[in-house]
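The values are calculated or read from the model by the stated rules, or taken from the named source; none is laboratory data. Since this is a predicted model, take the numbers as computed values, not measurements. Every residue, glycine among them, receives a Cβ derived from its backbone with ideal geometry; neighbour counts consider all protein chains shown. Protein only, heavy atoms only, side chains kept; ligands, DNA and RNA dropped before computing areas. Shrake-Rupley method; radii C 1.70, N 1.55, O 1.52, S 1.80 Å.
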Amino acid sequence: WEEIMSYLSEGMQAPDFELVDTQDVLIRLSNYFGKSRIYLTFNRGFTCPFCQRHMTQLKRDYAGFVQRNVEVLVVGPDDLFSFKRYWQQENMPMVGLADVKSRIAALYNQDVNWVKLGRMPAQFVIGLSGKICYAHYGQSMRDITDNEAVLALIDALPDGG
């Protein structure tokens, strides 16, 4: 008997959450509503080579997100110490959030597929109103939407999107 997962989709209100970031600041998703859009990306952890590559690309393209009034939030299963160490070593400009107990991953219905070695990537663009403008659930470790496509999608959103 296979559990049917209910994915979040465009037009739905993004579930609110709180997590502590790499600077020990309590981040609440809804604090961004009305101020900036959000690119929320769930990764598999720092040992995943595809996630490492995506993190490098996010760092490279971060200014493009900022220019579009988008804050990038990266959520992963690693502990806060590991997040802090990685963020410092790699000089990461975006917000890093440790979700050790997978509470937020579950809230966003991030797939966990043990045959494919764990969490599958998931990415969301959340508009100013807090509604989801884009939702992508990866089917494999490498199924991560590239930044160029995400930025193009953001560019195509209406002002409030």
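Filtered by the rule that a residue be out of contact with any strand residue (DSSP E or B) (no Cβ under 6 Å at 6 or more places or on another chain) and among the aliphatic types (A, V, I, L, M), region 70-104 gives M92, A98, V100. Residues in region 27-53 that are under 18 Å from R103 (Cα atoms), open to solvent by less than 20 Å² (accessible area, probe 1.4 Å) and hydroxyl-bearing (S, T, Y): T41 only. Taking residues in region 14-26 that are surrounded by fewer than 10 Cβ atoms within 10 Å (Cβ to Cβ), and partners anywhere that are β-branched (V, I, T), the pairs with Cβ atoms closer than 7 Å and at least 6 places apart or on different chains are L26/V20. Scanning region 17-59 for residues that are in a strand (DSSP E or B) and within 14 Å of the chain's Cα centre (by Cα) yields E18, L19, D21, I27, R28, R37, I38, Y39, L40, T41, F42.
For region 54-63, a residue qualifies if it is surrounded by fewer than 20 Cβ atoms within 10 Å (Cβ to Cβ) and not aromatic (F, W, Y), and the qualifying residues are T56, Q57, K59, R60, D61, A63. On inspection, P93 fails the criterion of being in contact (Cβ under 8 Å) with a residue 12 or more places away in the chain and either under 21 Å from Q139 (Cβ atoms) or aromatic (F, W, Y) (or both).
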